[in-house]
Amino acid sequence: MTVGRDNLLMADGPGNRHANEILLIEDSVALSTLLTQRLEEETGAAVTRCGSMAAARGKLQERSFMLALSGLNLPDAPNGEILNLLDEAGVATIVFTARFDVNAREKYAEKKIIDYIVKDGSRTVDTVVNTVRRFCTNNAYRILVVDDVRTARSGLTDILNRQNFQVLEAHSGRQALEILAGDDTIELVITDYHMPDMDGYELTRRIRETRGSEEIRIIGVSSSSDRLLSASFLKAGASDFIYRPFVPEELQCRIDNNIETLTQLKHLRRLAERDHLTGLANRRHFFDRMRNLGADALSGSIALLDIDHFKNVNDSYGHDVGDRVLVTLATVMEKMCAAGRHIPARLGGEEFAIFLNKADAFQSHSFCEELRRAIEEANVPTGNSKISVTVSIGVVEIEPGETFSNQMNAADQLLYLAKANGRNRVYSSLTLPEAMRSAAPSV
């Protein structure tokens, strides 16, 4: 189906299934029970079990499934007939089998199964669970396939769709760059080398001018006999390279390895950018993000929040309750900030900040008043009772051309005035005259 651009295709594949349910077909009660428990605990999917092909046929007639896991030899289907049933039903399938040989592999390839897993004792369950988890999470990744030959694109797209990825197609290097310029959610590019307008080497080099390997992975493919081509691709910034004709399992493993690398990098980035307790942006990430926007690009307001008498909470109820207060406040902030695409952060201790996107002085003051009331009304459980806290807020509309540091200082001064004049209130440019008249000498 066409998606917003001429000749840009996004294939309908397994990623568009709606059911979050797995059909498990295995005649071993012990293995079936163990797999069901692990899969439901670690993937969140519901598992329907059956021990024969006849039972599987009945389940398939009742409803659709996201995925099927099946043994190859069943009591009423000793020669792999279950694969025909699952193929006819159009269910994505993972097979686990006691043995593996060339004939079995050809049968798997013919039925276009997702993967096959050889039973090898204690590792079998872990391998199955990891494969299913990977299939379930693949749908979060968008992959761009770039090749000027339609059949070559279709072959790759078919493999990727079976693996539950979101797949886009481009028929030239130039079109690939246009797609990438308008879609920063694409995280993997698979590109052929020989293309008429721009070869894969040049495409890789151009992509790397704007996006690093921690943002997007690139796999080069080619049917060339030039064994130095892989080195050229890697030197241009590719993450991997594979020669055609490739073995599907090898391609799948290389894709999985690059996706796993992206997943790990995302996790590390989150650890570096997020406050470990509340999950909000931490001080460094908030400051970096604001400064990277630049003074001219900042449009909106900045608010600083401080929990009133937070030391008393820790002293009276303990730090565990203090942590619950911080998490509760962060939850309220996130919920309120989401609608306006504002950016909340924990700067440290009991101090928080919000970048109020495109909010003027009146809008930001109104938002902060609503936030102050919501925090005051939120209850934090402390054993048999509940407590509530209040916050003081200083908010300033961003002045064009003013530095971020100066904006933060202005918000900090207003926060000081809010605390000095009784706490549990919002001070902004709208209240500044009154604040200047009544500011107390100390906090």
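The values are calculated or read from the model by the stated rules, or taken from the named source; none is laboratory data. Fair warning: this is a prediction, and the values are worked out from it, not measured in the lab. Cβ coordinates were reconstructed from backbone atoms using ideal geometry, including for glycine residues, and neighbour counts include every protein chain displayed.
For the stretch 381-403, which residues satisfy the criterion of being surrounded by fewer than 20 Cβ atoms within 10 Å (Cβ to Cβ) and touching a strand residue (DSSP E or B) at 6+ places or on another chain (Cβ under 8 Å)?
Residues satisfying the conditions are 386, 387, 388, 390.
Give the residue, chosen from 398, 393, that is closer than 21 Å to residue 288 by Cβ, in contact with a helix residue (DSSP H, G or I) (Cβ under 6 Å, 6 or more places away or on another chain) and among the β-branched types (Val, Ile, Thr).
Sole residue among the options that is closer than 21 Å to residue 288 by Cβ, in contact with a helix residue (DSSP H, G or I) (Cβ under 6 Å, 6 or more places away or on another chain) and among the β-branched types (Val, Ile, Thr): 398.
Go through the stretch 133-155 residue by residue and tally those that are in contact with a Lys or Arg (Cβ under 9 Å, 6 or more places away or on another chain) and of a type in the set (A, V, I, L, M, F, W, C).
3
Pairs only if they're at least six apart or on different chains, beta carbon under 7 angstrom, first in the stretch 369-386 and without any contact (Cβ under 8 Å) to a residue 24 or more places away in the chain, second surrounded by 15 or more Cβ atoms within 10 Å (Cβ to Cβ); list them, first residue then second.
Pairs found: 386/380.
For the stretch 420-431, check the following and say yes or no: at least one residue is outside any helix (DSSP H, G or I), closer than 18 Å to residue 286 by Cβ and among the β-branched types (Val, Ile, Thr).
There is no residue in the stretch 420-431 that is outside any helix (DSSP H, G or I), closer than 18 Å to residue 286 by Cβ and among the β-branched types (Val, Ile, Thr).
Could you tell me which numbered condition residue 237 fails, if it satisfies all but one of (1) on the phi < 0 side of the Ramachandran plot; (2) not assigned by TED's automatic domain parsing to the domain that holds residue 335?
(1)
Against the definition (assigned by TED's automatic domain parsing to the domain that holds residue 149 and within 19 Å of the chain's Cα centre (by Cα)), how does residue 168 come out, yes or no?
So residue 168 passes the test.
State the number of residues belonging to the stretch 327-376 that are small (Gly, Ala, Ser), within 18 Å of residue 413 (Cα to Cα) and in contact with a helix residue (DSSP H, G or I) (Cβ under 9 Å, 6 or more places away or on another chain).
2
Between a residue in the stretch 183-202 that is under 16 Å from residue 213 (Cβ atoms) and any residue that is of a type in the set (Lys, Arg) and outside any helix (DSSP H, G or I), which pairs come within a Cβ distance under 6 Å, given they are 6 or more apart or on different chains?
Hits for this filter: 186/142; 188/217.
I'm told residue 377 meets every condition in (1) of a type in the set (Asp, Glu); (2) in contact with a strand residue (DSSP E or B) (Cβ under 6 Å, 6 or more places away or on another chain); (3) more than 21 Å from residue 340 (Cα to Cα) except one. Can you identify the failing condition by its number?
(2)
Could you grab the pairs with beta carbons closer than 9 Å, sequence gap of 6+ or different chains, first residue in the stretch 245-258 and under 17 Å from residue 161 (Cβ atoms), second one of a type in the set (A, V, I, L, M, F, W, C) and assigned to a helix (DSSP H, G or I)?
Partner pairs satisfying both residue conditions: 248/109; 248/159; 251/156; 251/159; 252/159; 255/159; 255/160.
Only one of 359, 411 is touching a Gly at 6+ places or on another chain (Cβ under 6 Å), within 22 Å of residue 308 (Cα to Cα) and in the same structural domain as residue 299 (by TED's automatic domain parsing); which?
So the residue among 359, 411 that is touching a Gly at 6+ places or on another chain (Cβ under 6 Å), within 22 Å of residue 308 (Cα to Cα) and in the same structural domain as residue 299 (by TED's automatic domain parsing) is 411.
When both residues are 6+ apart or on different chains and their Cβ atoms are under 7 Å apart, which pairs have a first residue that lies in the stretch 339-355 and is free of Cβ contacts under 8 Å to residues at least 24 places away in the same chain and over 14 Å from residue 281 (Cα atoms), and a second that is of a type in the set (Asp, Glu) and part of a strand (DSSP E or B)?
Here the result reads none, with nothing in the stretch 339-355 linked to a residue that is of a type in the set (Asp, Glu) and part of a strand (DSSP E or B).
Considering (1) surrounded by 16 or more Cβ atoms within 10 Å (Cβ to Cβ); (2) modelled with pLDDT under 95; (3) part of a helix (DSSP H, G or I), say which one residue 56 fails and leave the rest.
(2)
Please find, among 306, 296, 315, 323, the residue that is among the acidic types (Asp, Glu), surrounded by fewer than 19 Cβ atoms within 10 Å (Cβ to Cβ) and modelled with pLDDT of 95 or more.
Only one candidate passes the filter, namely 323.
Quick check, is residue 129 in contact with an Asp or Glu (Cβ under 7 Å, 6 or more places away or on another chain), outside the structural domain of residue 255 (by TED's automatic domain parsing), within 22 Å of residue 249 (Cβ to Cβ) and at pLDDT 90 or above?
Criteria met by residue 129.
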